[in-house]
Amino acid sequence: MSRKPLVITSVDQHIAQRLQLRRVMLGMSQSDLAKRCGVSFQQIQKYETAGNRIPASRLFDLSQALETSVAFFFMGLPGNFPPETKTNRSMRVSEQKTDDPLAKNESLQLVSLYWNLPSDEQRAMIMNMLKTLNKTTE
């Protein structure tokens, strides 16, 4: 009895990116997260690269360890199901758009540095600077 290879979808990839984002935002290493969840750091690596699909119970454990809700991992998914998964359930990760800012290490580093600033005032200054550079107003 042979098993079909697991096909990783765009939803799996999105959850993996959100997992890495949250871990980096908290300044936590993969090893630290692994210890909190009772798995190896290699397993965390596989989760973050979407090499392994994350079971629901493990996603709950990860949300607890990362002090966030399970819903955090699904934020940004339109209707929680991207259009491509409605028509093509077998879409592979390699077919995903590479222009997603959350997929870039630079974005993760920027978010982490921003939240590690010691005060709300400094974060406001950075936000104002970015808005000025982008010529936006809010």
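Counting 0.36 nm for each residue step from PHE41 to ASP120 and taking away their Cα separation leaves a gain of 25.1 nm. Working note: Karplus 6.51/-1.76/1.60 with θ = phi - 60° gives segment 43-52 the couplings 5, 4, 4, 5, 5, 6, 9, 6, x, 10 Hz, where Gly and Pro are set to x. Phi angles of segment 128-135 translate, via the Karplus equation with coefficients 6.51, -1.76, 1.60 and θ = phi - 60°, into HN-Hα couplings of 5, 4, 5, 5, 4, 4, 8, 6 Hz per residue; Gly and Pro are given as x.
As a rough guide to protection, the peptides 23-31, 69-77 ranked by mean Cβ packing within 10 Å, highest first, stand as 23-31, 69-77. Treating r as the C-beta distance of VAL70 and GLN109 and R0 as 25 Å, the FRET efficiency rounds to 0.50. Extension gain, MET25 to SER57: 0.36 nm times the residue separation minus the Cα-Cα distance gives 9.3 nm.
The numbers here are math on the coordinates, done by the rules we state, and not lab data. None of these values were measured; they are calculated from a predicted model. Reconstructed Cβ throughout: ideal geometry from the backbone, glycine too, with neighbour counts over all protein chains shown.
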